[in-house]
Amino acid sequence: GAVVSQHPSWVICKSGTSVKIECRSLDFQATTMFWYRQFPKQSLMLMATSNEGSKATYEQGVEKDKFLINHASLTLSTLTVTSAHPEDSSFYICSAREGLAGVNEQFFGPGTRLTVL
Amino acid sequence: AQSVTQPDIHITVSEGASLELRCNYSYGATPYLFWYVQSPGQGLQLLLKYFSGDTLVQGIKGFEAEFKRSQSSFNLRKPSVHWSDAAEYFCAVGAYGNKLVFGAGTILRVKS
């Protein structure tokens with residue numbers, strides 16, 4: 001149980017285009033989903049927290065107009081990187097939290113590698 | 001604010017040898033602590049977690065960790081390392097809003 005999927009697993013796009021990444025909880029209802037960014041050989045940095053039906057809460061320094069997050073259902077959250085540029089190239093990981101889960105407990109997706117040319 | 005320090009960026013151990021990965025945290029109250037493992041290009045898998053109770057926590061794949069409040073530590077151990085354990089290991093502490101704060105990670109290399 002507690003499986004989280006991401007799609008696509010990798011994507012290459014041209015500079016200036018937008019890319020959408022999906023995060024799905026497959027066997028539980030995720031009241032909260034988190035989006036992280038991981039640069040090579042670095043740790044995970046939390047970008048934003050999204051609660052189903054609410055606007056996402058972004059961490060300091062994260063451009064909310066650049067990284068659009070939608071959590072329209074209890075099993076799906078999307079991250080759209082708008083007008084992507086090479087510096088947006090990174091590994092994006094989502095995690096999901098079940099409503100009754102233990103405090104701070106999150107289940108992670110496999111990640112999406114974004115390369116912007 | 002919560003923070004996590006993993007002082008070792010890389011560790012190399014021989015297959016069959018014991019392993020200890022260090023983690024120190026900074027948190028005002030009783031922390032919720034986690035260890036995750038990440039294989040290259042993959043997401044994170046939970047190895048074990050500490051919320052309360054017994055300070056020695058058993059996890060998957062033969063890993064264990066010990067919470068020591070006096071040292072603000074939550075070190076990960078394994079008595080005998082297998083080549084398949086080579087990966088990156090992250091310690092994390094729970095923060096307000098069910099968030100996680102991660103350490104910088106420790107890359108484990110296993111030599112045969």
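The values are calculated or read from the model by the stated rules, or taken from the named source; none is laboratory data. Predicted, not measured: the structure shown is a model, and the values here were computed from it. FYI the Cβ positions are ideal-geometry reconstructions off the backbone, even for glycines, and counts take in every protein chain you see. The area values use the complete protein model at the heavy-atom level, side chains included, leaving out ligands, DNA and RNA. Shrake-Rupley method; radii C 1.70, N 1.55, O 1.52, S 1.80 Å.
Brief remarks on what is shown
- First in segment B:37-49 and in contact (Cβ under 8 Å) with a residue 60 or more places away in the chain, second anywhere and among the charged types (D, E, K, R), Cβ under 8 Å, 6 or more apart: B:Gln38/B:Glu88
- Among the numbered conditions (1) in contact with a Ser or Thr (Cβ under 8 Å, 6 or more places away or on another chain); (2) open to solvent by 30 Å² or more (accessible area, probe 1.4 Å), the only one that B:Ser70 does not meet is (1).
- Among the residues of segment A:26-37, those that are in a strand (DSSP E or B) and farther than 12 Å from A:Ser95 by Cβ comprise A:Thr31, A:Arg37.
- Pairs meeting the criteria (first residue in segment B:51-66 and farther than 17 Å from B:Cys23 by Cβ, second residue of a type in the set (Asp, Glu) and buried (at least 16 other Cβ atoms within 10 Å of the Cβ), beta carbons under 6 Å, at least 6 apart or on different chains) are lacking.
- Only residues that are away from chain B (no Cβ under 13 Å) and under 13 Å from A:Ser25 (Cβ atoms) were counted across segment A:79-117, and they come to 0.
- Some residue of segment A:12-21 being open to solvent by less than 20 Å² (accessible area, probe 1.4 Å) and within 24 Å of B:Leu48 (Cβ to Cβ): no
- Which listed residue, of A:Val116, A:Val81, is in contact with a His (Cβ under 7 Å, 6 or more places away or on another chain), over 27 Å from B:Ser3 (Cβ atoms) and surrounded by 19 or more Cβ atoms within 10 Å (Cβ to Cβ): A:Val116
- Enumeration of residues in segment B:26-38 that are open to solvent by 20 Å² or more (accessible area, probe 1.4 Å) and either more than 10 Å from chain A (Cβ to nearest Cβ) or over 14 Å from the mean Cα position of the chain (by Cα) (or both): B:Ser26, B:Tyr27, B:Gly28, B:Ala29, B:Thr30
- Subset tally (residues that are in contact with a helix residue (DSSP H, G or I) (Cβ under 8 Å, 6 or more places away or on another chain), farther than 18 Å from B:Lys99 by Cβ and either free of Cβ contacts under 8 Å to residues at least 12 places away in the same chain or in a strand (DSSP E or B) (or both)) for segment A:70-117: 3
- Residue in segment A:58-69 that is touching a residue at least 24 places away in the same chain (Cβ under 8 Å), of a type in the set (Phe, Trp, Tyr), open to solvent by less than 20 Å² (accessible area, probe 1.4 Å) and within 10 Å of chain B (Cβ to nearest Cβ) present: no
- Residue in segment A:4-11 that is facing chain B (nearest Cβ under 10 Å), within 15 Å of the chain's Cα centre (by Cα), open to solvent by 50 Å² or more (accessible area, probe 1.4 Å) and within 26 Å of B:Leu46 (Cα to Cα) present: yes
- Of all residues in segment A:6-18, those that are of a type in the set (Val, Ile, Thr) have Cβ atoms under 6 Å from Cβ atoms of residues that are in a strand (DSSP E or B) and surrounded by 13 or more Cβ atoms within 10 Å (Cβ to Cβ), 6 or more apart or on another chain, in A:Val11/A:Val19; A:Val11/A:Leu114; A:Ile12/A:Thr115.
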